[in-house]
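The values are calculated or read from the model by the stated rules, or taken from the named source; none is laboratory data. What you see is a predicted model; the values in this text were computed from it and never measured. All Cβ positions, even for glycine, are placed from backbone atoms using ideal geometry, and neighbour counts span all protein chains on display.
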């Protein structure tokens, strides 16, 4: 029984110690983002702590050294009772910052309503506080020295010394474990560095980050300044557009677990990308990411008009409630409304987004949708337009292209002279003409034709032909390369004729 209790104490102690150490060595670590993004019933108190630089400095100090010293004491078995009390109180502060009342949080070990890792560890520490059995590691040695001082007779002292020394040596056997664990942690930091999320550690590719060529240039959209490279969300939700390779979408989903998605977005932010474009269904995961990391990443949401629901603009409301700064009508629906002569719904969508205080956009695959909207007087705050050339092997002949072929139900056509989920900017010349005469900011997306075009080629084509920003889906191992290609491209543009409208 004592051995099991010792093992649990050492394990909890190492967790505390490690969390303290990574914060100590992390570059400019602060609890500010953790405190500012709390959403529980005590959020006002946590926001108050973060509001003052003086209070925040105290909180940071107590976090780093509280975790470190409590962890060291628990690991070594020194002042365990009072270390356990201090540890339980600290965990309670973490717990009520993001109370897991039905929400699972990364780094808290998952939640099954109320119970999470923080709760379980705090319960263990409360047990240690009330546990009456003596014989903790260095506490045994302290007790021995104290009893020696007060011993009434040499025989009693001798008996006490033999038994207690044996217990002390047994507990101190964990010291080599501390050394080995510390060596492993130090080696991990040398290789990967640390990224501290309160209660969680995500390792990023620091080697790749060291290869960055500089900072991404920025533009302005509405009242927001953002990098000219926007992260796309398609790869994260499994949208692969892989032509007749039917397994690729499942492969994308298997690779992009929740943790991998978080790592990818975090890596993108550290590489300088400050915005992401996602669908409404992806919002809960992004809200969770932002709460956990304190991220300030700006969000574009592609939303639908709900034609058959009670609330046509429910997607807009959900996006606003989730903190989106930019909302645009999703491309296929914009194309559909134009094809079906329902452009009034497009106008209503743009008006509703603006009424809600967001920057309003229109996305489209066919340039004829945007031309028609312009003719109808529907002018958004930005266009989101597919922008890629058609000089790649799987593109079907121009003479076989239809205005609204992307809407076809036959996504994988056995006739490769027809559309088969292979082309998203079917009329690149008309796209270039429209983009170069409009004074509305343009975001080019699908600039790589879903992986058919190399970034060096696709980025250059989009920017030279008038895009103010580009939106690109990327895996974590592509992030730094894409940022570097974007920086190089923007520094060496030679044939761009259009001015920058963002």
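Taken over the stretch 11-57, the criterion of being closer than 28 Å to residue 75 by Cβ, modelled with pLDDT under 80 and part of a loop (DSSP other than H, G, I, E, B) is satisfied by 26, 27, 28, 29. The set of residues in the stretch 203-244 being assigned to a loop (DSSP other than H, G, I, E, B), surrounded by fewer than 19 Cβ atoms within 10 Å (Cβ to Cβ) and modelled with pLDDT under 85 consists of 203, 205, 210, 244.
Yes/no matrix, rows are residues, columns are (1) touching a strand residue (DSSP E or B) at 6+ places or on another chain (Cβ under 6 Å); (2) exposed (fewer than 15 other Cβ atoms within 10 Å of the Cβ); (3) over 22 Å from residue 286 (Cβ atoms); (4) not assigned by TED's automatic domain parsing to the domain that holds residue 237:
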position	(1), (2), (3), (4)
304	no, no, no, no
307	no, yes, yes, no
315	yes, no, no, no
318	no, no, no, no
327	yes, no, no, no
332	no, no, no, no
336	no, no, yes, no
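Look at the stretch 489-502: where a residue is not assigned by TED's automatic domain parsing to the domain that holds residue 442 and a partner is loosely packed, with under 10 Cβ neighbours inside 10 Å, sitting 6+ places away or on another chain with Cβ atoms under 8 Å, you get 501/439.
In the set 472, 447, 483, which member is in contact with a strand residue (DSSP E or B) (Cβ under 8 Å, 6 or more places away or on another chain) and under 25 Å from residue 399 (Cβ atoms)?
Numbers: 472 fails: under 25 Å from residue 399 (Cβ atoms); 483 fails: under 25 Å from residue 399 (Cβ atoms).
When all the criteria are applied, what remains is 447.
Right, residue 406: crowded, with 20+ Cβ neighbours inside 10 Å, within 35 Å of the chain's Cα centre (by Cα) and modelled with pLDDT under 95 or not?
Numbers: crowded, with 20+ Cβ neighbours inside 10 Å: yes; within 35 Å of the chain's Cα centre (by Cα): yes; modelled with pLDDT under 95: yes.
When the stated conditions are applied, residue 406 passes them.
The set of residues in the stretch 358-403 that are touching a helix residue (DSSP H, G or I) at 6+ places or on another chain (Cβ under 8 Å) and at pLDDT below 95 contains only 403.
Taken together, 379, 367 contain a single residue that is surrounded by fewer than 20 Cβ atoms within 10 Å (Cβ to Cβ) and either closer than 22 Å to residue 434 by Cα or touching a residue at least 12 places away in the same chain (Cβ under 8 Å) (or both), which is 379.
Conditions tested, residue by residue: (1) in a loop (DSSP other than H, G, I, E, B); (2) within 30 Å of residue 429 (Cα to Cα).
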site: 269; (1), (2): no, no
site: 273; (1), (2): yes, yes
site: 292; (1), (2): no, no
site: 308; (1), (2): yes, no
site: 319; (1), (2): no, no
site: 336; (1), (2): no, yes
site: 353; (1), (2): no, no
site: 360; (1), (2): no, yes
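The residue list 439, 430, 401 contains one member that is outside the structural domain of residue 301 (by TED's automatic domain parsing) and either touching a residue at least 24 places away in the same chain (Cβ under 8 Å) or farther than 30 Å from residue 212 by Cβ (or both), which is 401.
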